[in-house]
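As C-alpha cells, the structure follows; a few thoughts come after it.
The values are calculated or read from the model by the stated rules, or taken from the named source; none is laboratory data. All figures in this text were calculated on a predicted structure; none of them were measured in a lab. Cβ placement follows ideal geometry from the backbone for every residue including glycine, while neighbour counts extend to all protein chains displayed. Surface accessibility is based on the protein's heavy atoms, side chains included, excluding ligands, DNA and RNA. Shrake-Rupley method; radii C 1.70, N 1.55, O 1.52, S 1.80 Å.
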Amino acid sequence: MNASTETESRITLNISGMTCAACVHHVETALASVPGVSGVTVNLATRRASLDYSAGASDLTALKDAIEDAGYRLDGPADAATDADDLERWSGARESAELRRRFLLAAPAAALLMLGTMHWLPWVAPLMSLAWYPFLLWAAATVVQFWAGWPFYTAGIAPLRRGIANMHTLIALGTSVAYGYSALVVVARVVASDSLANVGIAPTLYFDTAAVIIALVLLGRWLEARARGRTSEAIRRLMELRPDTARVLREDGEVDLPVEQVTPGNLLVVRPGERIPVDGEVTAGVSSVDESMLTGESMPVEKRPGAPVYGATLNGAGAFTFRATQVGPDTVLARIIRLVEDAQGSKAPIQRLADRVSAWFVPTIIVIALAAFLFWWTLGPPPALTVAALVAVTVLIIACPCALGLATPTAIIVGAGKGAELGALIRSALALEIAHRVDTVAVDKTGTLTEGRPRVTDVFSPGMAENELLSLAAAGEKNSEHPVGQAIVAEAAGRGISLPVATDFQAMPGLGVQATVNGRQILLGNAAFMLAQGVELGDLAGRGKQWAAQGKTPVFAAIDGAPAGVIAVADTLKPSAKAAVSGLQELGLDVVMLTGDTAATAGYIAGELGIERVESQVLPQDKAAAVRRLQAEGKVVAMVGDGINDAPALAQADVGIAMGGGADVAMESADITLMRGDLTGVVTALRLSRRTIRTIRQNLFWAFFYNLLLVPVAAGALYPLFNLLGGVPGGLEFFFGERGFLNPALAAAAMAFSSVTVVTNSLRLKRARV
C-alpha cells in the first residue's frame, strides 16, 4: 500500500503479543483510530504493522499508546532495527525462548498435579483426606496459573477495557474458571463441605485441568513459533550472506574495513573464495562468480574488466579488483530483501474472509460458552454446576482462532521466500493471488524469447569473397546505431576483418544507409530501399525471401549501383525458450507473442516455438493496447517483458512479469521480477503462485472446519447421542469421559495442534517442486 498523497508518510512497526486473527483486527482498529493515520495493514506471521499517516499528524508516542491500550507491545520502528534485531525477529528466537522457559515449568507441574489428583491411584485417596493436601495442590497450580500463564492475562484481560477480546482472553477465562472453581472447592471443603452437593458442585479438583491447558497451549505456541521461524529461512539466509568487512585498496595498501564504511568509488580487492561485499564494476583481474543467491542459476558467471559484480555473491578461483558503485541499502541484495519483506508482510485478498470472521469470532465464542454454561447448569446432569463449568472451559479453550490468523500469512511468507530462492521476486501477496488465475501469457519477443542481440547468421556474395563484402558493409554501418548494423560490425570484428574508413554516411530510418568507402558508393538496406535507389536485386531477392521465411532479416548490399550480396541477421531464440513455452502450455495457458517484426518473421519464430497466436508489427507504445484487447476477451493476462521498454504493457496486464539479469532488471516496474533472463522463470513463478494459493485454501479449510466441527462437540452436542447409545463407547471414554463431554485438556491439545498443522502445511511449500 503506497502513500496516497505527497503529504503522507509510511512507517513499519514491530509489534509483540499478537497470536491470532483477532489480534490482527484489534491492532488494526487501534492504529486506525489514531488521528492522522489513513491506512493500516497488520501481518500476524511477520508481527509487523505498516501504516500510512499524514506527516506531522501522529508521533510514535500516540501509536505506542494505541497499541498498548489494545493489549500489545510496540518494539519500535522496523527501519530502526539492526541486522541482528532483524535476524532475531525473523527466526522468532526471543519468542521461542520465552515460551520454552514457561513451558518447561508448566509441564512437570501439570504432570505432578495430574498424578496428585487421580483418585484411582492407591496413594491419592489417603492424601486427599489430609486437610493440607488440597492447599498444596492449590499452591502448585497457582505457580503455573500466574507465572507460566501470566502472558495470557496481560495480553488477554487488558483489551477488555476497550470492549475487545482475543485468543489470550479465551485462554485466561477458560483456565481461570477451572482454577477458580477448584479454589472454591478447597475453601468450601473447609468452611461448609456439606453445602457443595446442594448447589450441584462435585468436590473434585480441576487444578490439573487448568495447569495442563496452560502447558499444552504453551507447547503449541512454542512449536508454532519454531515452525513459523522456519517459514522465513529464505530471508534469513539472504541476510546472513552479507559480509561484515571489505578489503579496500588505499595508496598505502589494503585495509580491512566494516562494510558499512565502504563508499561508492572505493576500490576493493576480492580474493578466491570470498564473498563480494558490495555492488560494483570489475577494474582488473579475471574470475568466475557464483550468483545463484541472486538468480537461482547454478552456473558461475565469468567476470572481466567492465563486468558488474553484486554484493554477497561468491567469488571463485580468481582474484580481482572492482570499483564500488552501490552500497548499503542500494545494493541488489538489500533491494531483494526489502522486496521479499514487503511481499511477506502484505495481505492477499483471500485473507479478507479470515479478517472479517476474526472481528466477531472471539466475542461469539464467549457468548457460546456462556450460553452452554447456562444451558447445562439448568438442564444438565448432576452435578450440574460442575458439568456446566467444564463445558464452558472446553468451549473457550478449543475455539482459539490462531489457525485462522496463520492460514494465509505463513503460506505467503514461505511462497515469497521460495520464489526469492528460485530467482523470482514476487512484489506482493496480491500479485501472488492474481497470478494463480492467469490464463493467458503475452510474451514480448525481443530479449524474452530471443537473446535480444541480433547477429549475422548467413552471408551470400556471388561476385566476391564473404569477408570482402563484410568489410565494405561493416565500414558503411560503423556509424549506424541500428541493432542490425551493429550486428554486421560485430561479425566483422569477430572475424578479425579490418575496416576501411567510410565517408558521406547517411541513414534513412526504416530503410537503410549509404556511405562512400574507398571511393565506392555502398548501399545497405531492405528491398524497398534498393528499389527506391534503382537497384535490381535479381537472384538476391529470392535468397532474401528464403531467409525472411526463416525469421531472419535480409540486408541487401549494392556497390556503385550494382547488387553485390545479401547478409542475413537474426535475433536467435534463447535455448530455454521452446521448453518454457511448452511448460506454459502444459499449465493450460494460452501464449501470445507480441513483436514489432513482420508477419513472416514473427510467424516463423512462433512456429518454431509452437505459439499459435501472434501479434506482429506491434510498436512498443502499442503493446499496452494489445494487452487491453486480450483483457477485453475476458482473459486474465500476464505480460512478460524486459521491465523497461515494456513498462506500459506490464502495468496494463493483470500481472506484469519483468525479466532480465541481476541489477539490470527493473525491480520496481513489475508484479513479479525474474532475476535472470530465462523464460522458464515465468513457469516457475506461475506454478509457485498456484501451489501457494492451494496451500492457503487448505489452511483456511482446516481452520474453519476445525472450529465448525469441534465447537459444537465442546459445547456438549454429543451428550444426547451417547445417551441414546446407552453411554460412551469404551474406546472413546478417554476423550469424552463417561457422559459424553469433551475433556478440556484434550481441547487444549486440539487447539494447539490446529495452529501447528497450519504452519506445517505452509512449510511444505519449501519442498514443493516448481
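Compute, for the chain, the length of the dipole vector about the Cα centre, with Cβ point charges of +1 (Lys, Arg) and -1 (Asp, Glu) only. Units Debye, rounded to 20.
Magnitude of the dipole: close to 2440 debye.
Using the C-alpha gyration tensor of the range 547-605, what are the square roots of 5 times its eigenvalues, in whole angstrom, with the largest one first?
Details: eigenvalues 230, 24, 9 Å².
Result for the range 547-605: semi-axes of 34, 11, 7 Å.
If you take the Cα Rg of the range 480-625 and divide it by 2.2 N^0.38 Å, with N the number of residues, what do you get?
1.23
Going from most exposed to least, what order do VAL262, VAL190 have by accessible area with a 1.4 Å probe?
Putting VAL262, VAL190 in descending order of accessible area: VAL190, VAL262.
Using DSSP loop states and a limit of at most 16 other Cβ atoms within 10 Å to flag chymotrypsin sites (Phe, Trp or Tyr not before Pro), what is the longest stretch of the chain containing no flagged site? Before the final figure, lay out each step's value.
Values: sites that count: TRP120, TRP123, TRP132.
Counting at most 16 other Cβ atoms within 10 Å as exposed, the longest clean stretch of the chain is 133-770.
Can you compute the modelled spin-label distance between GLU302 and ASP252, with each label point 7 Å from Cα toward Cβ, in nm?
The answer from the label model is 4.0 nm.
Treat each spin label as a single point 7 Å out from the Cα along the C-beta direction, and report the GLN631 to GLN533 distance in nm.
It works out to 4.5 nm between the two label points.
Based on DSSP loop calls and a cut-off of at most 12 other Cβ atoms within 10 Å, the longest stretch of the chain free of exposed GluC sites (Glu not before Pro) is what?
Numbers: sites that count: GLU6, GLU251, GLU481, GLU536, GLU612, GLU633, GLU738.
That would be 7-250.
I'd like the FRET efficiency for LYS766 and SER582, computed as 1/(1 + (r/R0)^6) with the beta carbon distance as r and R0 of 30 Å, rounded to 0.05.
With R0 = 30 Å, the Cβ-Cβ based efficiency is 0.70.
I need to check one value: relative contact order of the chain, counting alpha carbon pairs closer than 8 Å and at least 6 residues apart, in percent. Walk me through the intermediate numbers first.
Numbers: 1542 pairs, mean separation 99.4, N = 770.
This gives 13 percent for the chain.
Lysines near LYS635 by alpha-carbon distance under 18 Å, same-chain residues fewer than 8 away left out - which ones?
LYS623
Near LYS578, which lysines are there with a Cα under 22 Å away, not counting those fewer than 8 places off in the same chain?
Correct list for LYS578: LYS445, LYS552.
Can you sort HIS25, HIS482, HIS436, HIS168 by solvent-accessible area, 1.4 Å probe, largest first?
Per-residue accessible area, sorted high to low, gives HIS482, HIS25, HIS436, HIS168.
Would you mind checking the range 462-480 for residues with the amide N under 17 Å from a putative spin-label position 7 Å along Cα→C-beta of ARG520?
Answer for the range 462-480: 462-478.
Could you tell me the calculated FRET efficiency between ARG356 and ARG161, based on Cβ-Cβ distance and R0 = 22 angstrom, to the nearest 0.05?
The pair ARG356/ARG161 has a calculated efficiency of 0.35.
Based on the Cα gyration tensor of the range 719-763, what are the three equivalent ellipsoid semi-axes, each the root of five times an eigenvalue, rounded to whole Å and given largest first?
In descending order the semi-axes read 29, 10, 8 Å.
Positive end of the charge dipole of the chain (Lys, Arg +1 and Asp, Glu -1 on Cβ, about the Cα centre): tell me which of GLY496, THR41, ILE611 has its Cα farthest that way.
The Cα lying farthest towards the positive end belongs to THR41.
Cut-off under 19 Å on the C-alpha distance; same-chain residues fewer than 8 positions from LYS418 excluded. Which lysines are left, in chain and number order?
Within reach: LYS347, LYS766.
Within 10 Å of each candidate Cβ there may be at most 14 other Cβ atoms; applying that plus a DSSP loop requirement, which trypsin sites (Lys or Arg not before Pro) in the range 711-770 survive?
Passing sites in the range 711-770 are ARG769.
Report the convex hull volume per residue for the range 309-393, counting only C-alpha atoms, in Å³.
Convex hull volume per residue, Cα atoms: 197 Å³.
Per-residue ellipticity at 222 nm for the chain, helices alone: DSSP H runs ≥ 4 residues times -39500 (n - 2.57), over residue total, nearest 500 deg cm²/dmol?
Calculated mean residue ellipticity at 222 nm is -15000 deg cm²/dmol.
What distance in nm separates the two pseudo spin-label positions at ALA93 and PHE146, each 7 Å out from Cα along the beta-carbon direction?
Between ALA93 and PHE146, the label points sit 3.4 nm apart.
Taking 56 Å as R0, compute the FRET efficiency from the Cβ-Cβ separation of LEU112 and LYS64 and round it to 0.05. Could the numbers behind the result be given before it?
Numbers: r = 41 Å, r/R0 = 0.73.
For R0 = 56 Å, the calculated efficiency reads 0.85.
Give the span of the range 407-559's Cα atoms along each principal axis, as three whole-Å numbers ordered largest to smallest.
If we take the Cα atoms of the range 407-559, the spans are 76, 30, 25 Å.
How big is the chain along each principal axis, measuring the range of its Cα positions in Å and listing the largest first?
The Cα atoms of the chain stretch 126, 69, 52 Å along the principal axes, largest first.
With the convex hull built on the Cα atoms of the range 440-504, state its orientation-averaged projected area in nm².
5.9
So what's the projected area for the range 647-757, the Cα convex hull averaged over all directions, in nm²?
11.2
Toward the positive end of the charge dipole of the chain, about the Cα centre and with charges on Cβ (Lys, Arg +1; Asp, Glu -1), which of ASN14, MET639, LEU540 goes farthest?
Checking the options against the dipole of the chain, the answer is ASN14.
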